[in-house]
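The structure under discussion appears below in the form of structure tokens.
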Amino acid sequence: MNASVSETTSASVSEIPSASVSLSAFVRICADNIISPIDDRLYSSFIEHMGRAVYGGIFEPEHPAADTQGFRTDVSEQIEKLRLSHIRYPGGNFLSGYQWEDGVGDRAARPVRRDLAWFAVEPNQVGINEFAAYCKKIGIKPMMGVNLGTRGPQDAANLLEYCNVESGTYYSDLRRSHGYEEPHDIKLWCLGNEMDGPWQICAKTAEEYGRIACETAKMMKWMDPAIELVACGSSYRTMPSYGTWERTVLRHCHQYVDYLSLHQYYQNSDGDIPSFLARSNEMDSFIKEVAGICREVKQEKGTAHDVFLSFDEWNVWYHFQKAGIEPEKWTIGRPIEEEVYDFADALLVGSMLTTLINNADVVKIACLAQLVNTIAPIMTENNGRVWLQTTYYPFLYTSLYGRGTALAAEISGPVYDCAAGSGISYLDCAAVLSDDHTFLTLFLINKHLSESLQTAVSLPGFTPLHIAEHITLAGFSLNAVNTADASPVLPVTNQTVAGQMADGQMASDRTDCRLTADRLEISLPAASWQMIQIAIM
Ligand code: AHR
């Protein structure tokens with residue numbers, strides 16, 4: 001069992017609260033119905049110079065757990081468990097006013113500036129070098145952004161030269177003079193951030209951005225042909241220019257970029273939970289629409305080059321805004337957007353992850369936004385404790401067990417209508433076949449708030465052996481939260497003592513979950529998230 005899994009509480013199945021069983025669903029997962037291999041970068045996150053994400057989050061030199069560079073090891077331990085592929089940095093909206101040179105060289109000599117994106121003071125004590133070294137230490141790659149708000153192509157090329165050229169040029173030698181002999185070799189770059197948003201420092205029209213993205217991309221790829229570039233899509237699906245923006249930008253820069261970004265945060269501002277939980281369907285439509293535009297432009301251009309999707313900001317985001325909290329401006333680590341996530345939020349995060357897996361053919365990068373303190377699964381107290389939000393757990397287990405190849409999960413079962421749409425399936429499911437073909441892992445969410453779902457999963461083409469892991473988040477009130485003092489919302493590792501195959505039947509001591517020679521039968525409690533890893537032959 002993975003070390004992270006042992007953190008979960010254990011309980012027998014009978015201890016899990018269950019509702020009356022009156023609904024049933026059927027899922028078919030066929031071994032040859034392949035969506036796509038899942039790109040490891042689907043499990044990435046984001047740290048912006050925003051709120052206490054950096055100062056007071058990952059970096060707090062005065063903290064007893066800080067390493068010699070000032071980074072909190074108690075925080076990095078929780079990050080490491082998530083097995084992230086990449087961390088997007090340094091923004092976000094912050095990026096559009098950032099002058100990267102402020103954050104390199106002698107720390108004592110670095111300028112202190114006003115950050116106009118978040119009305120905070122930026123001390124520049126963490127910059128490109130410290131962040132790249134931090135990522136290297138914890139085994140994660142940086143996904144770096146270039147400022148296309150106040151700056152442009154030349155600065156982007158300079159930064160790339162600083163990061164990736166070994167030596168013998170002005171910026172590579174400057175890096176070496178700053179104590180970093182080895183290039184950072186950063187291969188994934190964002191061409192600005194949300195450039196369509198009026199809130200953005202130096203926002204642009206689609207034409208303006210398309211042109212500058214094209215010219216910046218050309219220079220960057222000439223500087224280092226091995227990099228990959230992400231162009232900005234719309235800031236969210238309901239932006240007035242959504243669709244037109246994507247087409248216009250891609251018409252300008254299609255041949256020079258590799259990914260187009262999508263951003264989306266969902267809110268539960270009116271307490272309508274069924275509609276809130278249905279938002280993963282909207283995410284699915286959003287992905288399919290943007291993928292369609294990428295295909296259209298590809299066809300228009302008559303090229304073999306594909307532009308895939310980078311869903312590089314996704315999450316739930318609303319409580320903090322609703323509370324109307326307005327921390328004092330012009331402070332370092334201004335504590336903005338410190339959401340406290342509840343159990344309903346964890347369910348939607350789980351569903352959004354299944355949506356990403358089910359679209360793994362087009363979504364190659366996805367960043368949970370963000371990682372520490374600011375709309376984040378990991379929280380810290382200044383000079384104090386670190387604690388984990390409800391949303392940490394579905395992300396953790398999907399990242400740990402959702403690697404391999406996505407298989408189509410054909411669902412037939414009950415649906416509901418709500419403000420967010422009609423015909424919404426109560427059941428969400430994603431299926432992942434491990435690369436060595438020894439495990440089939442299912443992620444299952446029952447969105448029904450009061451009824452359990454009796455679910456039969458048929459597995460044609462597989463020979464199931466036994467259930468290797470079964471982790472559940474269920475039985476909590478929808479508004480239950482974790483805090484620094486108490487963590488009631490914890491996953492449960494269900495005890496499985498699977499028997500051996502006998503007369504074609506798989507014995508199991510489970511009451512809610514039964515594996516036979518060709519199917520899994522499971523009762524999914526109302527409002528629940530589950531991960532079931534089945535050993536297969
Ligand atoms: O992630 C928080 C903010 O949300 C980012 O800075 C911005 O890109 C988005 O609007």
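Derivation of every value follows stated rules applied to the coordinates shown; laboratory data play no part. The model shown is predicted, which means the values in this text are computed figures rather than measured ones. We place every Cβ from the backbone using ideal geometry, glycine too, and count neighbours over all the protein chains shown.
Out of all DSSP beta bridges in the chain, what portion is antiparallel? Express it as a percent rounded to 5.
In the chain, approximately 60 percent of DSSP beta bridges are antiparallel ones.
What do you get when you divide the Cα radius of gyration of segment 315-364 by 2.2 N^0.38 Å, with N the number of residues? If you can, show how the numbers build up before the last one.
Details: Rg = 15.5 Å, N = 50, 2.2 N^0.38 = 9.7 Å.
Working it through for segment 315-364, the quotient is 1.59.
In the calculated pair distance distribution of segment 359-422, what percentage of Cα-Cα distances lie above 20 Å? Could the numbers behind the result be given before it?
Working: 1101 of 2016 pairs.
For segment 359-422, the fraction of Cα-Cα distances above 20 Å is 55 percent.
Kindly provide log₁₀ I(q)/I(0) values, in the same order as q = 0.13 Å⁻¹, from the Debye equation applied to equal alpha-carbon scatterers of the chain.
For the requested q values the scattering log ratios are -1.31.
Put one equal scatterer on each alpha carbon of segment 163-209, apply the Debye formula with no solvent term, and list log10 I(q)/I(0) at q = 0.20, 0.28 1/Å to two decimals.
Evaluating at q = 0.20, 0.28 Å⁻¹ gives log10 I(q)/I(0) of -0.67, -0.91.
Report the per residue volume, in Å³, of the convex hull enclosing the C-alpha atoms of segment 52-202. Walk me through the numbers before you get to the answer.
Working: hull volume 17.1 nm³, N = 151.
Measuring per residue, one finds 113 Å³ for the Cα hull of segment 52-202.
Report the full-extension gain for the segment Arg211 to Asp435: residue separation times 0.36 nm, less the Cα-Cα distance, to one decimal in nm.
Net length gain for the segment: 76.6 nm.
List the residues of segment 84-113 whose backbone N lies under 20 Å from a point placed 7 Å from the Cα of Asp173 along the Cα-to-Cβ direction.
Under 20 Å, as judged by backbone N against the label point of Asp173, lie 101, 104-106 of segment 84-113.
Pairs of Cα atoms under 8 Å, at least six residues apart: use those to get the relative contact order of segment 24-181, whole percent.
Averaging sequence separation for qualifying contacts and normalising by length gives 19 percent for segment 24-181.
Please give the FRET efficiency for Phe119 paired with Asp270, using the beta carbon to beta carbon distance and R0 = 25 Å, rounded to the nearest 0.05.
0.35
Can you work out the PRE-style zone for Thr150? Point 7 Å along Cα to Cβ, and I want the residues of segment 76-117 with backbone N under 17 Å.
90-104, 110-117
Enumerate the amide H contacts of Leu188 below 5 Å, restricted to partners 5 or more residues apart or on another chain; note that Pro and chain-start residues carry no placed amide H.
Met144, Glu228
What is the spin-label model distance, in nm, from Arg251 to Thr331 if the labels are put 7 Å beyond Cα along the C-beta direction?
4.8 nm
Grab the beta carbon distance between Asp106 and Thr463, set R0 = 51 Å, and tell me the FRET efficiency rounded to 0.05.
0.25
For Gln69, what charge total do you get from the other residues with a beta carbon under 14 Å from its beta carbon, if Lys and Arg give +1 and Asp and Glu give -1?
Net local charge, Gln69 excluded: 0.
Considering the convex hull of the alpha carbon atoms of segment 441-497, report its projected area averaged over all viewing directions, in nm², one decimal.
Mean shadow area of the hull around the Cα atoms is 5.7 nm².
For Lys187, go through the lysines and keep the ones whose alpha-carbon is under 24 Å away, minus same-chain ones fewer than eight residues off.
Lys81, Lys136, Lys137, Lys141, Lys218, Lys221, Lys298, Lys364
Using a 7 Å offset from the Cα along the Cα-to-Cβ direction at both Glu77 and Phe26, what is the distance between the two label points in nm, to one decimal?
4.9 nm
Name the cysteines of the chain that stand alone by the Cβ rule: no other cysteine Cβ under 4.7 angstrom.
Cys30, Cys135, Cys163, Cys190, Cys202, Cys232, Cys294, Cys367, Cys418, Cys429, Cys513
Pull up all non-local amide H partners of Leu148: gap of 5 or more, or a different chain, and H-to-H distance under 5 Å with H placed in the peptide plane.
Under 5 Å from the amide H of Leu148: Gly192, Asn193.
Counting only Cα atoms, I'd like the Rg/Rh figure for segment 220-371, Kirkwood definition for Rh.
1.03
Roughly what would the spin-label model give for Glu296 and Glu166, points 7 Å off Cα along C-beta, in nm?
Output for this residue pair reads 4.6 nm.
Please report the orientation-averaged projected area of segment 31-117, defined via the convex hull of its C-alpha atoms, in nm².
8.3 nm²
Enumerate the helices in the chain for which the Kyte-Doolittle hydropathy averages -1.0 or more and the C-alpha atoms extend at least 18 Å along the helix's axis, using complete DSSP H runs. Before the final figure, lay out each step's value.
On the way: long enough: 206-223 (25 Å, -0.44); 279-301 (33 Å, -0.90); 343-358 (23 Å, 1.41).
Span-like helices here: 206-223, 279-301, 343-358.
When the Debye formula is applied to the Cα atoms of segment 321-464, each taken as the same point scatterer, what base-10 log of I(q)/I(0) results at q = 0.17 Å⁻¹?
Cα-only, vacuum Debye calculation for segment 321-464: -1.07.
If packing is taken as the average count of other Cβ atoms within 10 Å, what order do 338-348, 463-473, 47-57, 480-490 fall into, highest mean first? List each step's numbers first, then the result.
Details: 338-348: 23.9, 463-473: 19.8, 47-57: 26.5, 480-490: 14.7.
Output ranking for 338-348, 463-473, 47-57, 480-490: 47-57, 338-348, 463-473, 480-490.
Take the Cα of Leu449, step 7 Å along the line toward its Cβ, and report every residue of segment 265-284 whose backbone nitrogen sits under 15 Å from that point.
Only 268-279 fall inside the zone, counting backbone N under 15 Å.
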